[in-house]
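Chemist: Structure below; questions to follow.
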Amino acid sequence: MENTPVIQIENGEVHQKGALVLGGLNVNIAPKEFVYLIGKTGTGKSSFLKMLYGELPLISGSGQVADFDLVKLKKKDVPILRRNIGIVFQDFQLLMDRSVMKNLLFVLKATGWKKKKLMEDRALEVLRMVGVADKAANLPHELSGGEQQRVAIARALLNGPKLILADEPTGNLDPETSQEIMKLLKAIANEGTAILMATHDLNLVDQFPGRVLRVEHKTINEVMGITEFNPFESKF
């Protein structure tokens with residue numbers, strides 16, 4: 001159903017190495033929503049994202065991500081979960097020894113695609129969507145940082161995900177390029193894919209408004225407006 005949340009966590013807990021990282025988690029994100037995840041380094045932003053894509057378990061409560069039950073999620077089901085979501089990292093994580101096209105074909109093959117022509121067509125389609133189809137034959141090191149991140153976003157879109165998790169996607173980019181990436185991510189959300197973006201860049205949050213979730217005191221709370229907090233205060 002179109003209005004079914006793509007993320008629905010109730011009274012959740014995340015542990016790492018036996019220690020509580022986050023608790024009392026109640027988070028709902030609907031299709032098409034663009035949501036920021038903010039908080040100081042070490043507060044648990046990355047741990048929350050890792051829980052959503054199956055790298056860390058949801059210890060208690062209930063949780064659904066892209067129609068997968070996180071409490072009942074088995075290791076063998078994690079790759080299937082990840083086919084239904086896209087993940088974008090700060091450092092792009094492209095395979096540097098092969099072309100842009102071969103980076104995307106590698107992912108398609110790994111996620112069960114078989115027919116070469118269909119794989120190539122889909123790869124070109126997502127590269128066009130993000131504006132770098134002319135770079136298909138290039139190696140990643142021949143691209144600018146912004147172009148590499150566009151390829152990373154194209155990779156995340158390959159399997160038509162319901163959700164994209166973006167972990168500091170503009171962290172290694174200059175301000176102008178960051179704005180270009182934000183416009184692209186916003187456009188993707190408008191087309192129907194929910195986006196949860198962890199960021200330290202409050203200027204982007206101000207320029208590209210969306211819901212804001214703040215990680216602090218080992219839990220996550222919604223912030224009603226960017227003006228409600230000062231990033232330089234110790235509580236952030």
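Rule-based calculations on the coordinates, nothing more; no lab input. No experiment lies behind these values; they were computed from the predicted model shown. A quick note on method: Cβ atoms are made from the backbone with ideal geometry, for glycine too, and the neighbour counts reach across all protein chains shown.
Chemist: Can you check what the net charge comes to around V78, using other residues whose Cβ is under 15 Å from the Cβ of V78 (Lys, Arg +1; Asp, Glu -1)?
Modeler: Numbers: positive: K50, K72, K74, K75, K76, R82, R83; negative: E55, D67, D69, D77.
Here the count lands on +3.
Chemist: Of L56, N190, V88, which is farthest along the charge dipole of the chain in the positive direction, counting Lys and Arg as +1 and Asp and Glu as -1 at C-beta?
Modeler: L56
Chemist: Let me ask something additional. So, counting K/R as plus one and D/E as minus one, what does the shell of residues with Cβ under 13 Å around D69 add up to?
Modeler: On the way: positive: K72, K74; negative: E10, D67, D77.
Spelling it out: positives minus negatives among the neighbours equals -1.
Chemist: Separate question: Which entries of K50/K186; K74/K117; K76/K183; K32/K109 show an alpha-carbon separation above 31 angstrom in the structure shown? Let's see the in-between values first.
Modeler: On the way: K50/K186 22 Å; K74/K117 33 Å; K76/K183 35 Å; K32/K109 28 Å.
The pairs that break the limit, which is 31 Å between Cα atoms, are K74/K117; K76/K183.
Chemist: Per DSSP H run of at least 4 residues, take -39500 (n - 2.57); add these up for the chain, divide by its residues and hand me the 222 nm value, nearest 500 deg cm²/dmol. List each step's numbers first, then the result.
Modeler: Values: 7 runs with 74 residues, N = 236.
So the calculated ellipticity at 222 nm is -9500 deg cm²/dmol.
Chemist: Neighbouring Cβ atoms within 10 Å as the yardstick, rank H15, H141, H217 fewest first. Provide the component values of the computation, followed by the final result.
Modeler: Details: H15 17, H141 9, H217 14.
In order of increasing Cβ crowding within 10 Å: H141, H217, H15.
Chemist: Hand me the GluC sites (Glu not before Pro) from the stretch 1-58 located in a DSSP loop with no more than 10 other Cβ atoms within 10 Å, in residue order please. Working shown, then result.
Modeler: Details: sites: E2, E10, E13, E33, E55; in loops: E2, E33, E55.
Passing sites in the stretch 1-58 are E2.
Chemist: Moving on to the next point. Fewest to most neighbouring Cβ within 10 Å: what's the order for R214, R155?
Modeler: Lowest count first: R214, R155.
Chemist: I've got another one for you. In what order do D201, D174 fall by count of nearby beta-carbon atoms within 10 Å, going from fewest to most? Kindly include the intermediate steps, with their values, before the conclusion.
Modeler: Values: D201 20, D174 12.
Exposure proxy ranking, most exposed first: D174, D201.
Chemist: With charges set only on the Cβ (+1 for Lys and Arg, -1 for Asp and Glu), what does the dipole of the chain come to about its Cα centre, in debye to the nearest 20?
Modeler: On the way: 30 positive and 28 negative charges, 231 e Å.
Value, rounded to 20: 1100 debye.
Chemist: So, counting K/R as plus one and D/E as minus one, what does the shell of residues with Cβ under 13 Å around A189 add up to? Show your work: numbers first, answer last.
Modeler: On the way: positive: K32, K162, K183, K186, R211; negative: E33, E191.
Spelling it out: positives minus negatives among the neighbours equals +3.
Chemist: Enumerate the helices in the chain for which the Kyte-Doolittle hydropathy averages 1.0 or more and the C-alpha atoms extend at least 15 Å along the helix's axis, using complete DSSP H runs.
Modeler: Numbers: long enough: 100-110 (16 Å, 1.36); 116-129 (20 Å, -0.44); 145-157 (18 Å, -0.18); 175-190 (22 Å, -0.18).
Taking the DSSP H segments of the chain (at least 15 Å long, mean hydropathy at least 1.0), we get 100-110.
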